Amino acid sequence: MRLLSKLKWRSLSVQISHYFFLTTLILLVYYGVSTTYNTSAIMLKKAQEDTINTIERSGDYVNDYIKRLKQVATAIAISSDVKEFMAADNPESRAQALNVLTNMLATDDSLISAILLTKDGRFVSNEGSVEVLKSKKNLEEEWRKQGINIDGMTIVTSARKQTVKGSEEEWIISITKEIVTDEDQKIGVIRLDIDSKGIENYLRQLNIGQKGYVFMINDREELVYHQNDTVFSEQKRQTQVQLDSRRKTGYDEKAQQLVYHQLIVEAGWRLIGVASLEELTMISSNMWWKMTMVGVLMFLVIFIGSVFVIRGLTKPMRTLEHSMKHVVSGLSDAQVVESGPDEIRSLARSFNLMLMQMEQLVLEVKAKEQAIHKYEIQTLASQINPHFLYNTLDTIIWMAEFNDTKKVVETTKSLANFFRLSLNQGNEMILLKNEIEHVRQYLFIQQQRYGEQLTYEIIEDPRLSDYQLPKLVIQPIVENAIYHGIKEINRPGLITIRTRADHASFYIEICDNGKGYRLDQEHEHACTKLGGIGLSNIDERLSLQYGSDYEMKIRTEPNQYTHVLLKLPRY
């Protein structure tokens with residue numbers, strides 16, 4: 001029988017282990033593969049979308065830039081001062097035409113120079129003598145070569161190197177526009193030379209991968225711009241650019257590159273971006289590697305932990321079954337289903353029986369605690385000294401006989417408020433501010449009786465007003481201070497009540513300058529004769545309510561003072 005039982009338990013642990021390990025392995029593999037794959041796909045898609053948006057924005061920027069420059073050329077071409085210079089050559093018309101060119105060049109820092117050339121060979125330009133002669137010659141050749149095809153259109157040329165400001169060579173883009181009369185007669189041509197750095201600086205800032213690049217070609221597949229200036233002088237690089245320009249838009253998985261074409265409508269160019277996404281591939285590979293390592297580590301941790309857990313659960317089950325017969329819990333709805341092997345079923349029956357016994361015990365204890373608590377409150381309320389009421393009414397009658405109507409009204413109101421707060425609408429708990437107000441009414445009434453022999457001071461912390469405590473806690477201590485302290489001295493008496501708090505507790509202090517007593521001799525008397533209510537009564541009630549979070553401390557000196565400190569939790 002023992003061997004059979006041992007085999008049964010071994011079989012159970014093996015079944016649990018196999019099921020748990022297999023399930024864990026499948027979940028880890030599925031989660032790791034799906035998470036890594038989906039994350040990589042999302043990252044790749046996001047990178048492609050961002051790259052395409054970047055290239056499109058760049059194309060729009062270049063397109064708007066060329067459009068603005070063409071508008072400048074058109075504005076010059078339709079200027080009346082320019083047409084007047086085309087029609088007749090005189091110093092005044094030349095100066096006016098030059099003024100038009102100068103003003104237009106001032107509107108954009110990228111405009112380097114401008115030259116007007118008439119059909120009869122006259123010209124005006126903002127350049128120096130050497131540069132203007134070169135520009136005039138180039139423009140004449142270009143006009144003769146392309147003039148028949150311009151037909152009033154604006155032509156944008158490819159980038160070329162040209163001497164700027166005497167000595168510096170820069171990459172220049174030119175915009176050429178033919179000038180015609182209202183009768184469509186060709187009378188001249190305007191050419192604007194633009195520094196390509198405006199476009200170049202913008203395109204160089206594009207983030208399309210460490211090895212990515214952009215370039216532009218015209219409709220004849222001639223290179224207009226490239227990030228690398230050496231491409232314009234090296235035939236091998238130009239051949240590679242031509243091959244790149246023929247690549248279709250899309251992601252080349254083999255080359256790990258994204259190719260995208262963006263048309264520059266205003267210039268008839270194409271902006272081609274070749275984005276390098278090898279960093280993304282590297283990140284994806286790292287993710288696969290890290291997920292694999294994390295999965296293996298998690299599986300090993302779970303495997304080792306599960307072995308110990310399963311062994312720890314199966315070995316002590318019979319011991320646990322025996323021990324649980326002597327242990328109780330307080331939740332009857334936590335009963336377990338009696339299923340599984342015989343040992344587990346027996347354990348479940350013992351556990352359910354324990355729960356039922358515990359629930360019955362808890363109900364009995366709660367009923368007893370509630371009865372005791374209710375009895376304590378009722379006892380305290382019934383122990384209010386009847387002599388206080390008699391003496392107060394006697395004081396009111398004495399005031400009435402002396403026609404002191406104001407004091408009669410004030411004392412009667414205080415007495416009414418005192419008993420109203422004592423009742424507290426039948427609630428056992430009271431707000432601290434109401435408990436303080438209850439004591440204030442009591443002291444006011446007593447002051448009317450004792451006159452100058454009794455003064456009092458109440459210092460409240462307003463932050464503690466809404467904290468709750470059992471009712472009729474402070475007043476009995478104050479009553480004791482009057483009857484066993486202030487009443488028995490021949491000097492003016494003072495009672496001080498103060499509330500304060502720290503981060504975990506709040507404190508109530510009651511201090512009088514009365515007779516005092518020696519704790520070792522008179523403590524018992526002080527605890528049992530507080531105006532008919534003993535300190536022990538208050539101490540037991542607060543201990544029952546707050547447990548170890550509550551504390552009472554008493555300090556006293558004969559013929560000097562008595563100080564009572566109550567420490568209560570802040571909740």
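The values are calculated or read from the model by the stated rules, or taken from the named source; none is laboratory data. Bear in mind the structure is a predicted one, so any value in this text is a computation, not a measurement. Cβ placement follows ideal geometry from the backbone for every residue including glycine, while neighbour counts extend to all protein chains displayed. Just so you know, the surface numbers come from the protein's heavy atoms only, side chains and all, with ligands and any DNA or RNA stripped out. Shrake-Rupley method; radii C 1.70, N 1.55, O 1.52, S 1.80 Å.
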Segment Lys46-Gln227, extension gain: residue separation times 0.36 nm, minus the distance between their alpha carbons: 62.7 nm
Out-of-range pairs (alpha-carbon distance over 25 Å; input Lys177/Lys248; Lys211/Lys254; Lys406/Lys471; Lys67/Lys248; Lys413/Lys471): Lys177/Lys248; Lys406/Lys471; Lys67/Lys248
Prolate/oblate/rounded label for region 19-139 (Cα gyration tensor, a/c 1.5): prolate
P(r), alpha carbons of region 49-105 - 5 Å bins starting at zero, rounded %: 4, 18, 18, 14, 10, 8, 8, 7, 5, 4, 2, 1
Paramagnetic reach from Asp461 (point 7 Å along Cα→Cβ, amide N under 18 Å) across region 538-571: 549-553, 564-571
FRET efficiency for His503 and Glu551, using Cβ-Cβ distance with R0 set to 22 Å, rounded to 0.05: 0.85
Solvent-accessible surface (1.4 angstrom probe) belonging to Ile16, in square angstrom, nearest 10: 80
Listed residues Tyr19, Tyr483 arranged by accessible area, highest first, probe 1.4 Å: Tyr19, Tyr483
Rounded, prolate or oblate (a/c below 1.5 giving rounded, otherwise prolate when a/b exceeds b/c) for region 379-496 by Cα gyration tensor: prolate
Cβ-Cβ FRET estimate between Tyr19 and Leu297, R0 fixed at 22 Å, reported to 0.05: 0.50
